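Below you'll find the structure, written out as structure tokens, and then a few comments.
The values are calculated or read from the model by the stated rules, or taken from the named source; none is laboratory data. In this text the structure is predicted, and so the values were computed from the model without any measurement. Cβ placement follows ideal geometry from the backbone for every residue including glycine, while neighbour counts extend to all protein chains displayed.
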Amino acid sequence: MQIPRLSPITSPWMRCLMQDKPTIDELLVNYGSPINIHNPDSMEDNYKAYQDVFEEFKLDYQVFFARKANKTKGVVRKAAAIGMGIDTASLQEYAQCLELGLHPDKIIVTAAIKNKGLIKLAVSNGSLLILDNEDECKLVQKVALELGKSANVGFRVSGFTVDDKKLYSRFGLDADDFELFINENFLQSERYNQLTYRGLHFHLNGYSIKERGNALNQCLSLAELLKQKGLTTEFIDIGGGLLMNYLESESEWDNFHYQLRKAISRKTAPITYGNNGLGIEIWNGLIRGELKTYPFWNANSKGDFLRGILSYKNLSGEKVGDLAREMGVEIRMEPGRSMLDQVGMTVAKVAFRKKDSSGDWLVGLEMNMTQMLSGSADFLLDPYVVYHDDTKNEDSVGVYFTGAYCLERDVLLKRKINLDKLPEVGDVVFFVNTAGYMMHFFESSAHLFPLAENLMLKEYPTEKIDSSSFFKDQ
Ligand SMILES: Cc1ncc(COP(=O)(O)O)c(C=O)c1O
């Protein structure tokens, strides 16, 4: 049986580096393994994909890069340089944006937990805080009073009704109670008189264009209602979670699903570690469940996804993007992952090869599972191996890559990966397109392993990439 391939989309800068063995080796000697390598210039195309759609709709817009998706300063600097704002999720992220010279108007705070220090800094600088609940309103009111300032706020709204079903979220104020919340707290009382209302915000789980379009429509209705009460909604922020596409081929993606189901049903040999169904399982002899991973292949990436949301038609048949323009409401969003498409790679050195007791090849890498970890069931992209000896005198081989933690489950990818030949110790593995969440979101220093070094490419294209083309992010 052929192990199904999932070929990732790669950029010229990635291919250029992967062909340059002396530079790769020098980087690994200088910085250890693994290394996170970034080319923030790729953010320009990603931003442009969104700008083009906003311009198609002639909308006022602002895009705030959700920096939680990657912790380097380099990506913040790049986002700021191309005119984006930054969406921050902690005091540290917020303070660092100020240090990097961002104007407070270009920084918003959507942190799930806002401590007093964060609120104090944001209010004293006049940045926008997106509020989630009444206790936050109380704390912001108190801090603003102490500072003798008014606080710019937006409200996160959730619980939208789509197809007669309420969308659950642990975040935000319930859309159905929002009018009452505004009446009681802003119109019939002075309870939050230090808070200046600027706009509405939502961020939805999942990747349904219909749900996003519907949520935007319901926010536009709330904006209309607030207008009648004398409150102007300057913006509606539709959050992040805009899809990106990682894979070259839909047919490979479909074939992987097909082969996984066959393997889970024990009709063919496993193609995942321990025959993990990644969300699919056999129950009473039947297959049930679905893949619990990111939709790594999808036809609705970035600008197309945004266009889909803005083109969603409300009950009067009007596109919500057109309605927002007519109402004079600016549309904002906070993409993280999709802004980092083609920005990064994780590079690690092969430490050992061995066969396990099931007869599978394990390739141990000098890295651990937290240095490339998906929040979903697996990261479904084939890595590339750079072999020091290019001669091919062996058959292709299926391997699992394993990491350095003392856990049985430190298996870096749950998929068996088809390689042209078994790597040698010292060969190098490239995991591509890992800048969005994969590198940093879950990284830890168990066993006192140092965190991976983050390198930035100075500029691209260049005549040649060598180790002096990179600098440490700081
Ligand atoms: C409030 C908010 N905005 C933006 C984002 C960024 O989402 P993504 O990286 O999927 O675009 C997130 C991600 O969790 C979020 O919670």
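Summary table
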{"quantity": "Selected residue [away from the ligand (no atom under 16 Å from the Cβ), in contact (Cβ under 8 Å) with a residue 24 or more places away in the chain and either under 17 Å from the mean Cα position of the chain (by Cα) or farther than 17 Å from Gly206 by Cα (or both)] from Ser301, Ser311, Ser316", "calculated": "Ser311"}
{"quantity": "Qualifying positions in segment 26-60 - in a helix (DSSP H, G or I), touching a residue at least 12 places away in the same chain (Cβ under 8 Å) and surrounded by fewer than 18 Cβ atoms within 10 Å (Cβ to Cβ)", "calculated": "Glu26, Asn30, Glu44, Asp45, Gln51, Asp52, Glu56"}
{"quantity": "Failed item, numbered, when Ser208 is tested on (1) within 26 Å of Tyr61 (Cβ to Cβ); (2) surrounded by 19 or more Cβ atoms within 10 Å (Cβ to Cβ)", "calculated": "(2)"}
{"quantity": "Identity of the residue in segment 392-451, within 16 Å of the ligand (Cβ to nearest atom) and surrounded by fewer than 19 Cβ atoms within 10 Å (Cβ to Cβ), that ends up nearest to Met14 (Cα to Cα)", "calculated": "Phe441"}
{"quantity": "Residue tally, condition away from the ligand (no atom under 16 Å from the Cβ) and among the small types (Gly, Ala, Ser), over segment 84-134", "calculated": "5"}
{"quantity": "Residue match in segment 233-245 (condition: crowded, with 19+ Cβ neighbours inside 10 Å, closer than 26 Å to Thr161 by Cα, of a type in the set (S, T, N, Q) and in the same structural domain as Arg325 (by TED's automatic domain parsing))", "calculated": "yes"}
{"quantity": "Within segment 332-347, tally of residues that are near the ligand (Cβ under 8 Å from one of its atoms) and hydroxyl-bearing (Ser, Thr, Tyr)", "calculated": "1"}
{"quantity": "Test for Ser189: is it assigned to a helix (DSSP H, G or I) and either hydroxyl-bearing (Ser, Thr, Tyr) or not assigned by TED's automatic domain parsing to the domain that holds Val162 (or both)", "calculated": "no"}
{"quantity": "Out of Val76, Val63, Val123, sole residue that is assigned to a strand (DSSP E or B), in contact with a strand residue (DSSP E or B) (Cβ under 7 Å, 6 or more places away or on another chain) and modelled with pLDDT of 95 or more", "calculated": "Val63"}
{"quantity": "Members of segment 313-337 found to be in a loop (DSSP other than H, G, I, E, B), of a type in the set (A, V, I, L, M, F, W, C) and at pLDDT 95 or above, listed by number", "calculated": "Val329"}
{"quantity": "Looking only at segment 285-308, and only at residues there that are in contact with a strand residue (DSSP E or B) (Cβ under 9 Å, 6 or more places away or on another chain) and more than 20 Å from Tyr437 (Cα to Cα), the one that is surrounded by the most Cβ atoms within 10 Å (Cβ to Cβ)", "calculated": "Leu306"}
{"quantity": "Pairs, first hydroxyl-bearing (Ser, Thr, Tyr) in segment 112-124, second away from the ligand (no atom under 16 Å from the Cβ), C-beta under 8 Å, six or more apart", "calculated": "Ser124/Leu147; Ser124/Lys149"}
{"quantity": "Members of segment 164-174 that are more than 16 Å from the ligand (Cβ to nearest atom) and either assigned to a strand (DSSP E or B) or modelled with pLDDT of 95 or more (or both)", "calculated": "Lys165, Lys166, Asp174"}
{"quantity": "Failed criterion for Ala111 (all others in (1) assigned to a loop (DSSP other than H, G, I, E, B); (2) over 25 Å from Ser338 (Cβ atoms) hold)", "calculated": "(2)"}
{"quantity": "Positions within segment 236-259 being part of a loop (DSSP other than H, G, I, E, B) and away from the ligand (no atom under 16 Å from the Cβ), in sequence order", "calculated": "Glu248, Ser249"}
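Here is a yes/no grid of residues against (1) within 30 Å of Ile280 (Cα to Cα); (2) touching a residue at least 60 places away in the same chain (Cβ under 8 Å):
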{"position": "Thr402", "(1), (2)": "yes, no"}
{"position": "Arg409", "(1), (2)": "yes, no"}
{"position": "Lys416", "(1), (2)": "yes, yes"}
{"position": "Asn433", "(1), (2)": "yes, yes"}
{"position": "Glu443", "(1), (2)": "yes, yes"}
{"position": "Ala446", "(1), (2)": "no, yes"}
{"position": "Pro461", "(1), (2)": "no, yes"}
{"position": "Phe471", "(1), (2)": "no, no"}
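This table checks each residue for (1) small (Gly, Ala, Ser); (2) surrounded by 14 or more Cβ atoms within 10 Å (Cβ to Cβ); (3) assigned to a loop (DSSP other than H, G, I, E, B).
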| position | (1), (2), (3) |
| --- | --- |
| Val363 | no, yes, no |
| Met367 | no, yes, yes |
| Thr370 | no, yes, no |
| Gly375 | yes, no, yes |
| Asp378 | no, yes, yes |
